Amino acid sequence: QKEVEQDPGPLSVPEGAIVSLNCTYSNSAFQYFMWYRQYSRKGPELLMYTYSSGNKEDGRFTAQVDKSSKYISLFIRDSQPSDSATYLCAMRSEGAAGNKLTFGGGTRVLVKP
Amino acid sequence: NAGVTQTPKFQVLKTGQSMTLQCAQDMNHNSMYWYRQDPGMGLRLIYYSASEGTTDKGEVPNGYNVSRLNKREFSLRLESAAPSQTSVYFCASSDRSGFYSTIYFGEGSWLTVV
């Protein structure tokens with residue numbers, strides 16, 4: 001079983017809808033949680049970063065972490081066609097050697113105009 | 001703003017051939033990484049270098065070697081390429097200091113082994 005599980009999608013939504021993405025994980029040592037966005041044929045780019053439990057909001061994006069359930073979420077409000085991409089969750093433990101990250105498999109999102 | 005630069009972007013190899021993927025970062029980061037990305041498997045760590053002069057195996061190191069040439073450069077070598085090594089390879093770097101230290105990726109290298 002993978003340490004981090006993520007539904008591969010694709011997730012297709014109409015423009016303006018809320019996109020809801022999530023990951024589950026098994027390693028209780030994970031403390032730092034990230035969401036990366038990856039456009040087709042490009043490298044992943046950091047989108048959101050949270051530490052431990054709680055919510056973080058940045059413009060149209062909200063990241064939530066529930067450590068008790070080992071579950072993290074990313075919400076995209078007022079979705080735009082430019083949000084069409086693959087979204088990868090990533091996480092690491094405190095003091096991880098070399099800041100190594102463990103990634104989910106990614107969810108492909110398609111926002112239709 | 002070059003960030004992380006990797007070459008080549010595309011390469012086709014025959015089984016048994018060798019090649020080296022080059023990576024350089026200009027952010028003065030201490031740590032560098034090589035990941036591979038396969039459909040349904042996400043990003044998997046091949047090797048990493050926590051600091052200049054050190055290298056360590058990641059999740060899928062078999063069939064690969066690495067060299068941390070200096071603080072800027074980290075290369076990945078396939079000594080005898082196999083079709084199972086067909087993948088997209090990403091180099092990345094990270095500054096270990098700072099609370100929000102995280103990883104920045106290059107644009108990727110598409111490798112096909114036939």
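The values are calculated or read from the model by the stated rules, or taken from the named source; none is laboratory data. Since the model is a prediction, treat every value here as computed from it, not as a measurement. Heads up, the Cβs are rebuilt from the backbone with ideal geometry, glycines too, and the neighbour counts pull from every protein chain shown. Each accessible area value is taken on the protein alone, full model and side chains, heavy atoms only, with ligands, DNA and RNA left out. Shrake-Rupley method; radii C 1.70, N 1.55, O 1.52, S 1.80 Å.
Structure notes:
- Solution diffusion estimate, µm²/s, Stokes-Einstein, chain B, Kirkwood Rh from C-alpha pairs, 37 °C, viscosity 0.692 mPa s: 234 µm²/s
- Largest first, the residues A:ILE72, A:ILE18 sort by 1.4 Å accessible area into A:ILE18, A:ILE72.
- Separation between Cα centres of the stretch A:81-113 and the stretch B:1-58, rounded to whole Å: 18 Å
- Residue ranking by accessible heavy-atom surface, 1.4 Å probe, largest first, among B:SER94, B:SER51, A:SER68 comes out as A:SER68, B:SER51, B:SER94.
- The shape of chain A can be summarised by an equivalent ellipsoid whose semi-axes, obtained from the alpha carbon gyration tensor, come to 24, 14, 12 Å from longest to shortest.
- GNM result for chain B, Cα springs below 10 Å: residue of B:TYR89, B:TYR64, B:TYR47 fluctuating most strongly: B:TYR64
- The protein assembly as shown gives an Rg/Rh value of 0.97, both radii derived from C-alpha positions and Rh following Kirkwood.
- Using a probe of 1.4 Å on the protein chains alone, the accessible area found for A:CYS23 is around 0 Å².
- Averaging the sequence gap over all C-alpha pairs within less than 8 Å and six or more residues apart, then dividing by the number of residues, gives chain B a relative contact order of 35 percent.
- Low-density loop positions, chymotrypsin sites (Phe, Trp or Tyr not before Pro), the stretch A:33-113 - DSSP coil, at most 15 other Cβ in 10 Å: A:TYR39
- The stretch B:52-114 - percent of accessible surface contributed by carbon and sulfur, probe 1.4 Å: 47 percent
- Within a Gaussian network of chain A (alpha carbon springs, distance under 10 Å), most fluctuating of A:ARG92, A:ARG41, A:ARG77: A:ARG41
- Contact order relative to length of chain A, as percent, for alpha carbon pairs under 8 angstrom and 6 or more apart: 37 percent
- Percent RCO, i.e. relative contact order, over the stretch B:35-92, from Cα pairs under 8 Å lying at least 6 residues apart: 32 percent
- Convex hull of Cα atoms in the stretch A:41-105, direction-averaged projection (nm²): 5.5 nm²
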